[in-house]
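The values are calculated or read from the model by the stated rules, or taken from the named source; none is laboratory data. Just so it is clear, the model here is predicted, and its values are computed rather than measured. Heads up, the Cβs are rebuilt from the backbone with ideal geometry, glycines too, and the neighbour counts pull from every protein chain shown.
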Amino acid sequence: MKNTDWSQLWLAYHKVSDDGGKWHISFDGFDEKNRVINSLKNEVSLALPKLTGAEITDTGADTELKVIKDSSIAKEGFVVKKMGSTVTIGASDENGALYGMFELLRLITLREVDADFELLSEPDNPLRMMNHWDNMDGSIERGYSGRSFFYVNNEIIVDDRTRDYARFMASIGINGIVINNVNVKQAASYMITDRYFSKLRELSEVFADYGIKMYLSLNFASPIEIGGMDICDPLDEGVISWWKDKCKEVFTELPELGGFLVKADSEGRPGPFTYGRTQADGANMLADIVKEYDKLIIWRCFVYNCTQDWRDKKTDRARAGYDYFKDLDGEYHDNVILQIKNGPMDFQIREPVSPLLGGLTKTNQMLEVQIAQEYTGHQIDLCYLMPMFKEVLEFRTHCQDDKDTVADVISGKAFGNKNCGIAAVINTGNDLNWTGNDLAAANTYGFGRLAFDTTLSSEEIAREWVKLTFALSEDAEDKLVKMLLDSRRIYEKYTCPLGIGWMVTPETHYGPSVDGYEYSRWGTYHRADHLGLGVDRSDKGTGYAQQYYKENAEIYNDPKTCPEELLLFFHHIPYTWKMMDGRTLIQYIYDTHFEGESEAEELAAMWDSLEKEIEPEAFARVKQRFDMQIHNAREWRDQVNSYFFRKSGIADEKGRDIF
Ligand code: GCV
């Protein structure tokens, strides 16, 4: 049966059989009145009849479903077991029980419940969060799927859609949601005042029903903006006392709130630097105050001077995070978590892993990725991001001999931290299908699944999502999974080669503008001249490569050992440089851009071939996006190739037209 309810994403529960029979549900050790257990009951009562025609009954059941408290299972983990006509979900807490139920429903949808089985799953990351960049006027910074569903005209909305959203998030194991943009401006500064408390409480309770803690982004200058003070110096007694009173008020009014996320001293946002204080001074001041309420301060490391002049060849934005934060390692208090973007720059299609991850060894760390496709195609172009996230998670930092991957660091396995995990800038909005491009929901789903279980492969996640969302023949399913898996590589081919990044239209961040440079008239990101391109970040250049532990620093420092996909991130390379396969760099650029464009056309053709199996409206929505993607890919191909042809004066060996 085709999926026709796009508002339900992977919880559409399309029918898989008609022989569900009668189910009886019992609870042992869990309070049936608990809000999360209540959500569990609601979900199973909604899903089972839809999936299998099953009836929930008190007597004469064919299947016994037992939800049992089992303290041997890790926090938020679960066991799902089927033996004959008895299905058991074991968990040590309510979240685990809810996740176990979603797992069971997933297995039923995937038709994996015929034989007896036992499955144990315990979350790899303690915190699994979504960050919304929603503004209170209803716009979304870097949002590509409509307006905000949290805010309209500076008012907070809590409705059925909010509840559905909470269900989706719980179904993939998300346990924390930051509901407002890290750029906290105008009305959003008043979120921590009684203007919004009652609506915020309502919202936080919807989340709490699904085991999710709500968080707010905080304006560091709140003492000035809403408190009428002249300063927000984190070491000033008056400022500290203002925050104490404010936090008391906030956590009394919003007991379910998990804490605050802070962007300070970056892109015009206020912060401790104004007063000659460190990032640790700022974070610790707030953390000490919220500690009494058992809350967290999540402090972003995306701190850099956006107006720096790149004509100075030593200046390097990539260095900033490490330069500002590394020396303060060990100074951050226990309830501070540093949130670190996956790369040192800004969510480009290819960047090295941030050297801060694992570079810090005495500090709670959280990885920040972006599923909103700011630089990766705006949810117009297909770009399934799990392969990128897997690379980041599996990266060996060499912070110690073993247990040194990014996954080890952020899960707490490396250094024993409890306050740590992973967050994604989310890609949802008020569009019916939530993510603009229906296929972009694979990233929403995938992020949650991967955050919970970092060992899942990109393909396993893609296949699950396809099966849960569509009802396709095996052949069509294989095609769609392949499209997803190939999409990041294709996008990379027709856009920025070899880790150079950007070359994108400033401000909008969609479409090519090879020399496009944000914030100033000086410099380019690629630093191309008539001989070559790329940024020398070796010890002879900006020295960025030396921010890594020795093993990685040595590899990155030398263009001959540097992984080729990052060559131009780390080195300024002549156009005539021989790549590993013998091609010159310039030929590689030409070839990949021609290939990327034609592979984007192949993706579109593959989608066309699925027409008979996909419900017409969804088919048309996605088809329209592929048309736009092809147009975009052509523009990238032509602009990048002609730019470097003119710059280098070297013709394409294959004699193709370069416009
Ligand atoms: C929320 C990039 C984006 C900004 C974003 C910023 C951040 O610079 O373009 O829109 O601001 O990252 O992560 O804070």
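Values computed for the structure shown
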{"quantity": "Output for the stretch 109-138, where each listed residue is within 16 Å of the ligand (Cβ to nearest atom) and under 19 Å from ILE174 (Cα atoms)", "calculated": "MET129, MET130, ASN131, HIS132, TRP133, ASP134"}
{"quantity": "Identity of the residue in the stretch 356-388, within 15 Å of the ligand (Cβ to nearest atom) and of a type in the set (Val, Ile, Thr), that ends up surrounded by the fewest Cβ atoms within 10 Å (Cβ to Cβ)", "calculated": "VAL369"}
{"quantity": "The stretch 337-355 - residue that is in contact (Cβ under 8 Å) with a residue 60 or more places away in the chain and more than 27 Å from LEU382 (Cβ to Cβ) and, of those, nearest to the ligand (Cβ to nearest atom)", "calculated": "GLN339"}
{"quantity": "For GLU141: the one exception among (1) within 25 Å of ASP381 (Cβ to Cβ); (2) touching a residue at least 60 places away in the same chain (Cβ under 8 Å); (3) within 14 Å of the ligand (Cβ to nearest atom)", "calculated": "(2)"}
{"quantity": "Hits in the stretch 622-659 (condition: in contact with a helix residue (DSSP H, G or I) (Cβ under 6 Å, 6 or more places away or on another chain), assigned to a helix (DSSP H, G or I) and aromatic (Phe, Trp, Tyr))", "calculated": "PHE626, TRP636, PHE644"}
{"quantity": "In the stretch 250-269, residue surrounded by the most Cβ atoms within 10 Å (Cβ to Cβ) [restricted to those that are more than 16 Å from the ligand (Cβ to nearest atom), in contact (Cβ under 8 Å) with a residue 40 or more places away in the chain and outside any loop (DSSP other than H, G, I, E, B)]", "calculated": "GLY259"}
{"quantity": "Single condition ALA462 does not satisfy, out of (1) out of contact with any Asp or Glu (no Cβ under 7 Å at 6 or more places or on another chain); (2) surrounded by fewer than 20 Cβ atoms within 10 Å (Cβ to Cβ); (3) of a type in the set (Gly, Ala, Ser)", "calculated": "(2)"}
{"quantity": "Within the stretch 11-33, tally of residues that are in contact (Cβ under 8 Å) with a residue 12 or more places away in the chain and over 15 Å from MET101 (Cα atoms)", "calculated": "11"}
{"quantity": "Only listed residue being assigned by TED's automatic domain parsing to the domain that holds MET191 and free of Cβ contacts under 8 Å to residues at least 40 places away in the same chain, chosen from TYR304, TYR275", "calculated": "TYR304"}
{"quantity": "Qualifying residue in the stretch 178-200 (condition: more than 16 Å from the ligand (Cβ to nearest atom), within 20 Å of the chain's Cα centre (by Cα) and surrounded by fewer than 23 Cβ atoms within 10 Å (Cβ to Cβ))", "calculated": "no"}
{"quantity": "Set GLY511, GLY543, GLY499, GLY523: member being of a type outside the set (Val, Ile, Thr), touching a residue at least 24 places away in the same chain (Cβ under 8 Å) and not assigned by TED's automatic domain parsing to the domain that holds PHE594", "calculated": "GLY543"}
{"quantity": "The stretch 389-408: number of residues that are of a type in the set (Lys, Arg) and surrounded by 23 or more Cβ atoms within 10 Å (Cβ to Cβ)", "calculated": "0"}
